[in-house]
Structure formats: C-alpha cells, structure tokens
1. Measuring from centroid to centroid over Cα atoms, what is the spacing of the stretch A:207-228 and the stretch B:274-298 in Å?
2. By count of other Cβ within 10 Å, fewest leading, how are B:71, A:9 ordered?
3. According to a simple spin-label model (label point 7 Å from Cα along Cα-to-Cβ), what is the distance in nm between residue A:16 and residue B:174?
4. Okay, helix-only estimate at 222 nm for chain A: each DSSP H run of n ≥ 4 adds -39500 (n - 2.57), divide by all residues, round to 500 deg cm²/dmol; what do you get?
5. If you take the beta carbon distance between residue B:358 and residue A:90 as r and set R0 to 51 Å, what does 1/(1 + (r/R0)^6) give as a FRET efficiency, to the nearest 0.05?
6. Mind checking the angle between helix A:46-59 and chain A's longest principal axis? C-alpha axes, 0 to 90 degrees, to the nearest 10.
7. Please arrange A:136, A:206 by how many other C-beta atoms lie within 10 Å of their C-beta, fewest to most.
8. Test of the criteria: in the stretch A:73-147, which GluC sites (Glu not before Pro) are in a DSSP loop and have at most 11 other Cβ atoms within 10 angstrom of their Cβ?
Amino acid sequence: MNMPTSPVDLERYGPNFDAEQMLAVRDMTRKAINQIVKSIRPGMVEEDAVEIARDILAVAGMTRGWHDVYVRFGSNTTKTFGAPSDPGVILGADDIFLIDIGPVWKKWEGDGGDTFTTGTNQEYARCAKDAREIFHVVREHWAKNSASGKALYDFATAEAEKRGWKLNLDLSGHRIGDFPHAAIYEGPLADVGFTPKPMIWVLEIHIRHPSKPFGAFFEDMLLGDEFFSTR
Amino acid sequence: MSSQPTETIPSNVQTAILEEAVHLNPNVVRVRLRPKSGNGRFIYSAGQYLALHILESQFRCYSMVHDYEPDKPLELHVRLYPGGLFSEWVRQRATSKLLSSNDPVELRLSGPYGECTWKSPSRPGATTVMLATGTGIAPIWALLEQALPASSDPVFLYWGGRVPQDLYLSDPLRGLEKAFPHFHFVPVMCDPIPGWTGRVGTVEQCAASDHPELRQSRVYACGSPSMVQAAAALFIKNCGLDEDHFHADPFEHPVPSQEAPGEYPTLNIFVRTPQGHEEKIHARTGISLMTALSDSGHTQGICGGRATCGNCRVKVGNHRARLFGEQTKSERRLLASFEDALPEHRLSCQIALTKDLDELRVEISTPSI
C-alpha cells in the first residue's frame with residue numbers, strides 16, 4: 001500500500017481543530033519557554049532543569065505533552081529528537097542550552113523550541129542566533145515562493161552550510177493540530193512535495209557545529225510575517 | 001516523531017556487519033557487530049541499548065555490553081528463545097566463532113536508546129545497588145566498567161538465575177571484586193537447587209534484605225519487567241528509595257515466531273471500550289499493557305510510552321490493589337491533570353503485564369486513532 005502524499009490527506013483537520021485555539025496554545029508555549037529560561041542558571045544539572053520545565057508547564061495547565069520535555073545543556077544540544085541526553089551535564093557559566101517542548105493544552109497541540117547562552121562565547125551566540133535566523137529565512141522562502149516541504153529543507157540545508165553549520169534532517173518539521181496530529185500524518189515536513197498550509201505545520205531548524213560538540217535549535221509554527229512581531 | 005523503538009521504525013538506521021556469534025552458555029550468544037564505514041559512528045552511553053531490525057516491522061532490542069569506544073565492535077548478549085525468529089537465526093550462526101569475511105552478514109540497527117545510564121551517587125560514599133536477571137547483566141556490565149574505576153563508593157550487584165550456568169559472567173565478576181574492593185557480587189538462584197550454598201529468592205528481595213535503608217542510594221535494575229516493577233515498588237515503599245533514584249529500562253521480550261508453550265504465559269484481559277462494549281483480548285506477559293492494547297487496536301501511545309501524553313490512560317477495574325502505589329511522579333501528575341481524573345486511572349504504558357494480572361479488567365479512556 002502506498003503512503004498518502006496529497007495535501008487532502010496530509011493537511012486534514014482533526015474534529016476539534018480551531019485556529020484561534022492553535023494560536024492560543026502557540027502563545028502559551030512561547031511564554032512557557034521564556035519562563036523556563038528564566039529559571040535556568042549555570043551550575044544546574046540538566047535533569048533538574050527538565051523537572052523545573054515540567055513543573056512550569058504543569059502550573060500553566062500544560063501537564064500533558066504530545067512529546068516529552070527536553071532541556072539540553074552543552075554537548076547534549078547536538079542530540080537529535082528523542083535521543084537520551086548524556087546524564088549529569090552541568091550548565092557552565094559560558095555555555096549553550098536549548099529547550100524543546102510539545103505541550104497539549106485542552107484539545108490542542110503546541111510545539112516550540114529555542115536556544116540560549118549563558119556567557120560571552122561568540123560561537124555559541126552565533127549558533128543560537130543563526131538557528132532563529134535560518135528559521136525565518138526558510139519561512140520567508142515559503143511565504144514568497146510557495147516552496148514545498150522538500151524545497152524548504154533543501155533551502156535550509158544550503159542556508160545552514162552557508163553559515164558554517166550542519167543541518168540535522170532528523171528534525172525536519174511535522175504536522176500539528178488538535179491532539180493527536182499523529183492520527184493524520186506523523187512524517188516529516190521535509191518529505192512533503194506540496195506547499196504546506198499555514199497554522200498546521202511546525203518548522204524545525206536544528207544546526208550543529210561541523211566538528212565541535214554544540215548545536216542550536218529553533219522551532220515554531222509555520223506562519224506568515226504578521227505572526228512574528230519581534231523579528 | 002519519536003516512539004519506542006519496538007513500535008515504530010526509527011529514522012537513524014545504520015548497517016553493521018556481524019563479526020562474531022559465539023555461545024556463552026547454551027541459551028546466550030555473544031554477538032559482535034561492526035557498524036559499516038560511511039554510516040557515521042554509533043555513539044552511545046554505557047547502559048543504553050539498540051534495536052536490531054529483523055524484518056521491516058520487527059525489532060529486537062539489546063543493550064551494549066561495553067561502554068562506547070571508537071573503532072571497537074558493538075557487543076550484545078542475545079538470549080535464545082526456542083522457535084524465536086531472531087534466536088534461530090543467531091543460533092545457526094553461533095556454530096563458528098569467526099564468520100566468513102567473503103560473505104559478510106549485514107544487519108540493520110538503530111539507536112542508541114534508553115536512559116538507564118550512570119548517575120553519580122547523590123552523596124559521596126552512598127551505596128549503589130544493581131539488579132539483573134538473565135541478559136540484563138549486559139548493560140549492568142557496561143555501567144560497572146564505567147563506574148568502578150571512577151569512584152570507591154560501594155556497589156552491590158545482585159544477579160539472578162535459575163541455575164548457576166545462567167550466570168555466565170560469574171568469573172569475570174569475581175575478577176572485578178578482586179580488582180575493586182568496593183564492588184560486591186551476589187549471585188542469586190530463584191529456587192533452592194542441590195549443591196547451591198548461595199542466596200535464594202528474587203534479586204530484589206535479597207537486595208532489600210541486605211540494604212533496608214536506601215534513602216541516599218541509587219538503584220539500577222535491568223532484566224524482566226516483572227522484576228523491575230517489583231523492585232521499584234519494594235525499594236520505594238520499604239527502603240525509602242527516592243523514586244527518581246531508581247533507574248531502569250524494562251526489557252520487553254520479543255514474540256517468538258513459533259512461541260514455545262509456557263515461554264510467555266498468556267493473560268486474558270477484559271477491555272471495556274468507550275462505546276461500552278466488553279471485549280476479551282489475549283496478551284502475553286513481559287510487555288506493557290499499552291502495547292497489548294495497542295496491538296489489539298484499542299489505544300495508542302502517542303508519546304511512545306514516556307508517560308507524557310496520557311493517551312493510553314485506562315480505568316482499572318479489579319487488581320487495583322496490586323497496581324496501586326507504583327506510580328511515578330510523572331504518572332501521578334499527568335493523571336491528576338485530567339478533569340475527569342479518578343483514583344482507578346492508570347497509564348497503561350506504565351503497567352508491565354505479569355502473570356498475576358490475569359483476568360485484569362480495564363476501561364479505555366481514549367479510543368484508538
């Protein structure tokens with residue numbers, strides 16, 4: 001049996017889809033990330049940071065997640081989605097760390113990620129900044145050129161290389177919607193041969209240094225410029 | 001995007017050459033695999049496991065026996081099950097120590113997986129307790145290799161079997177005892193046998209008897225899900241172990257292609273659907289209730305059994321007392337977040353099926369997608 005590949009199949013809405021609520025959970029997700037960042041300090045063990053993140057999400061009414069909570073410190077920022085972190089990594093005073101959460105709020109899924117630094121290391125700062133910038137230039141490429149999912153990740157790969165990073169294609173976008181999007185399509189956006197619709201896809205950018213053990217991650221919903229006020 | 005390696009096809013698949021398959025005892029074969037060049041390195045932490053892709057949709061999970069070293073082959077210990085699909089394949093190749101380099105045997109694998117990796121003791125000098133049954137010794141050995149040279153904190157290992165030959169690494173473990181005076185190996189037979197003067201019982205009972213106070217300790221348990229579940233309950237309830245200091249990757253045995261009678265006792269489970277129908281399903285022991293319910297099309301674990309999504313939530317009818325008190329903090333918090341939370345609710349991904357759960361009655365909270 002061939003896997004469905006058409007927008008009709010892959011871009012279906014679930015029975016509880018609601019664009020306003022999708023934007024609401026997106027907003028809650030970004031706020032949760034910002035709150036988690038404020039709680040993280042150098043000297044903290046990564047496992048403790050994950051517990052703090054879970055606590056913050058629980059207080060915000062997002063105990064459930066469609067995927068696990070990831071806070072990764074230092075060399076663990078190179079780990080791909082789902083891979084366990086090396087245990088006991090302590091955040092340094094001049095370090096890099098990322099957050100990746102996929103909360104479920106009521107009937108709707110959120111998904112967000114971002115990368116932060118603790119000191120003055122210029123390579124770390126540039127890596128984190130480039131993950132965000134690549135996200136936005138890829139998103140703009142989609143908005144201006146109606147690029148397909150496959151084309152977006154070809155573009156992202158080239159953009160990452162241009163800036164001296166390697167793009168991790170294991171983290172290459174996916175559906176989102178009313179929980180669970182897995183009922184519709186679990187595959188990557190990078191496999192999609194059509195122009196993805198706004199609001200129902202997540203664009204992920206995970207870059208790594210070509211030889212050093214650090215990386216950066218940024219993800220958010222695939223949306224037009226009007227939804228990104230702080231660029 | 002991610003799920004348990006036994007349930008969805010992982011994307012990070014590599015190819016490896018089978019370098020060696022040799023019997024360690026009649027039921028266990030040591031397999032050495034060398035990832036093919038060009039794949040990138042297969043880097044992992046001691047205590048983690050990989051999935052071998054036997055067929056397109058079938059996997060077998062095995063822990064690496066040694067910590068990662070560049071350019072060293074991956075070593076696994078494969079328990080042979082009568083009639084098992086992969087067991088028979090390995091058995092045929094275990095007749096010669098070195099396989100022909102002219103006709104290399106390739107295997108597909110993915111990983112690494114698992115979180116049962118070494119964590120520093122919560123306080124200097126605190127005792128670490130390790131439990132293993134069967135080939136659960138494989139990740140424990142890797143952890144010992146990593147931990148023993150690094151610290152002089154006491155480490156006690158309890159390894160259980162049915163006959164002394166099951167404990168196929170006893171001699172090397174005695175060697176570790178000589179090399180590291182802070183390490184203590186306690187072999188355990190599950191039942192009394194003639195000539196055995198050592199410990200008898202379950203590994204968790206022996207360990208709890210020797211270490212009634214584990215408030216400052218960490219415990220690592222590798223082996224059958226029933227042992228892991230029993231150990232967690234016993235240590236947390238009776239020995240004061242912090243539940244966050246219990247580290248385990250319960251090992252779900254594969255289903256043999258021609259299942260041997262009695263190898264995996266089958267349970268009857270009565271499932272009430274959201275539509276109110278009651279259906280009887282048959283499930284083998286040694287897997288999670290979520291896997292059984294997923295196999296029968298009744299539910300689906302979206303987060304892959306990580307106690308995160310709550311999609312596999314069930315209401316447990318009878319047998320509740322036997323399951324009660326074994327919830328982790330994550331499970332408790334997640335269940336409490338549902339508006340219709342009831343004390344009878346459990347996450348089926350957190351319940352290992354054991355013989356004493358025969359005739360279990362559960363009510364599905366969320367229909368399968």
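Here, each number is a calculation from the coordinates, and none is a lab measurement. Please read these numbers as outputs of a predicted model, since none were measured by experiment. Glycine gets a Cβ as well: all are built from the backbone with ideal geometry, and neighbour counts include every protein chain shown.
1. Each part's Cα centre sits 40 Å from the other's.
2. Values: B:71 6, A:9 11.
The most exposed by this proxy come first: B:71, A:9.
3. Label-label distance for residue B:174 and residue A:16, simple model: 6.1 nm.
4. Counting only the DSSP helices, I get -11000 deg cm²/dmol.
5. Numbers: r = 47 Å, r/R0 = 0.92.
Working from the Cβ atoms, E equals 0.60.
6. With both axes taken from Cα atoms, the answer is about 50 degrees.
7. A:136, A:206
8. Passing both the DSSP loop test and the Cβ count: no residue.
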